[in-house]
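All remarks here apply to the structure that follows.
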């Protein structure tokens, strides 16, 4: 079996991290695989498994016929083309219209994080989705594929995200003091870092001296600038740090005492799973599949709403526990719900169905 993952780039982001996780799992199983990207934009290349092949299309523009032909030539030599991100799916669909490439061998892995607010789909995307096996990372995405796009239930699979823990020599914090918070996520409105700043302001006004570090890339420059302005307005400059272009946030997490996540819409989120992989207690807004899973058994991890007071109430409940107890809870959640073997088995089931449909043998 030969698997080709196709993605826009290896810029720092959630879908890109998932692609690297899949590549690592395939490497462990000695399954032939490669990553093909449309644009030679990076940040995460150094995180690739040692022996994995990284291919580039070097797409110049939307009507780059040579790129479509190159894609078809490469993709045809693989049993399954596992595509991340909607732009790359539409690219593959156009390639199928002007070359011999068949969409029958495509699995589309949908990571779209704004699905709770944006259910639209351009016509080209709808046409492409009708041809493939669909993998959503959340129930919200799968419901959209079923109800809004009209895909058959038999062509839809739910495969929630996991992360592979990074071995870390950084000593873990034993107490809640000093208060060092961290939020991981690229800077754009739905990540809602402005809420995190307001939470910090309200918390420190109660006589605390917490410090918040944001880790992420700038996706929306105007939003990022408004965030910096808000920090200045509230007099929080000495209490807020921005870490841009961090390629391995897991390696930084043990240095913090508490993770926070304030997004208004999510499918994962991957950042919370990374926190759990490093035994970092956290508090999150009630968004994404992870929050829906956790709140049933561990409600202290999830705020009841999106106001700073909602978040601080949950955070205070968390901080009332001894930190080693909270760490043990996080470790238990991660070890129970985010194992790599079931994740890979779900992917293999989807890939096998595609190969069988195309007349191949496993």
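I need a count of the residues in the stretch 217-256 that are under 23 Å from residue 166 (Cα atoms), buried (at least 16 other Cβ atoms within 10 Å of the Cβ) and free of Cβ contacts under 8 Å to residues at least 60 places away in the same chain. Residues in the stretch 217-256 being under 23 Å from residue 166 (Cα atoms), buried (at least 16 other Cβ atoms within 10 Å of the Cβ) and free of Cβ contacts under 8 Å to residues at least 60 places away in the same chain: 1 in total.
Every test in (1) over 29 Å from residue 324 (Cα atoms); (2) part of a helix (DSSP H, G or I); (3) within 15 Å of the chain's Cα centre (by Cα) is passed by residue 273 save one, and that test is (1).
Residues checked against (1) loosely packed, with under 14 Cβ neighbours inside 10 Å; (2) under 22 Å from residue 31 (Cβ atoms):
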| residue | (1), (2) |
| --- | --- |
| 88 | no, yes |
| 102 | no, yes |
| 128 | no, no |
| 174 | yes, no |
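Screening residue 212 against (1) closer than 30 Å to residue 324 by Cβ; (2) at pLDDT 95 or above; (3) surrounded by fewer than 20 Cβ atoms within 10 Å (Cβ to Cβ) leaves a single unmet condition, (3). If the condition is being surrounded by fewer than 22 Cβ atoms within 10 Å (Cβ to Cβ), over 19 Å from the mean Cα position of the chain (by Cα) and not in a loop (DSSP other than H, G, I, E, B), then the stretch 4-32 contributes 27, 28, 32. Can you name the residue in the stretch 38-52 that is under 28 Å from residue 113 (Cα atoms) and out of contact with any helix residue (DSSP H, G or I) (no Cβ under 7 Å at 6 or more places or on another chain) and is also surrounded by the fewest Cβ atoms within 10 Å (Cβ to Cβ) among such residues? Only one residue tops the list, namely 46. Exactly one residue out of 78, 68 is touching a strand residue (DSSP E or B) at 6+ places or on another chain (Cβ under 6 Å) and either in contact (Cβ under 8 Å) with a residue 12 or more places away in the chain or surrounded by 15 or more Cβ atoms within 10 Å (Cβ to Cβ) (or both): that is 78. Among the residues of the stretch 221-244, the ones that are over 27 Å from the mean Cα position of the chain (by Cα) and part of a loop (DSSP other than H, G, I, E, B) come to 3 in all.
Counting only residues that are surrounded by 13 or more Cβ atoms within 10 Å (Cβ to Cβ) and over 17 Å from residue 4 (Cα atoms), the stretch 347-362 holds 0 of them.
Restricted to the stretch 279-344, the set of helices (runs of 4 or more DSSP H) holding at least 1 residues that are without any contact (Cβ under 8 Å) to a residue 24 or more places away in the chain and within 22 Å of the chain's Cα centre (by Cα) comprises 288-297, 323-337.
Answer yes or no: is there a residue in the stretch 347-356 that is at pLDDT below 90, in a helix (DSSP H, G or I) and touching a strand residue (DSSP E or B) at 6+ places or on another chain (Cβ under 7 Å). No, there is no match, as no residue in the stretch 347-356 is at pLDDT below 90, in a helix (DSSP H, G or I) and touching a strand residue (DSSP E or B) at 6+ places or on another chain (Cβ under 7 Å).
Do we find that residue 304 is surrounded by fewer than 20 Cβ atoms within 10 Å (Cβ to Cβ) and touching a helix residue (DSSP H, G or I) at 6+ places or on another chain (Cβ under 9 Å) in this structure? Yes.
Within the set 124, 194, the sole residue that is under 22 Å from residue 213 (Cα atoms), touching a residue at least 24 places away in the same chain (Cβ under 8 Å) and surrounded by fewer than 17 Cβ atoms within 10 Å (Cβ to Cβ) turns out to be 194.
For the stretch 240-252, the set of residues classified as at pLDDT below 95 and touching a strand residue (DSSP E or B) at 6+ places or on another chain (Cβ under 8 Å) consists of 244, 246, 249, 252, listed by residue number.
Scan the stretch 130-165 for residues that are in contact (Cβ under 8 Å) with a residue 24 or more places away in the chain, farther than 21 Å from residue 266 by Cα and surrounded by fewer than 15 Cβ atoms within 10 Å (Cβ to Cβ) and the total you get is 0.
The values are calculated or read from the model by the stated rules, or taken from the named source; none is laboratory data. These numbers come from a predicted model, not from an experiment. In this analysis, Cβ positions are derived from the backbone assuming ideal geometry, glycine residues included, and neighbour counts consider all displayed protein chains.
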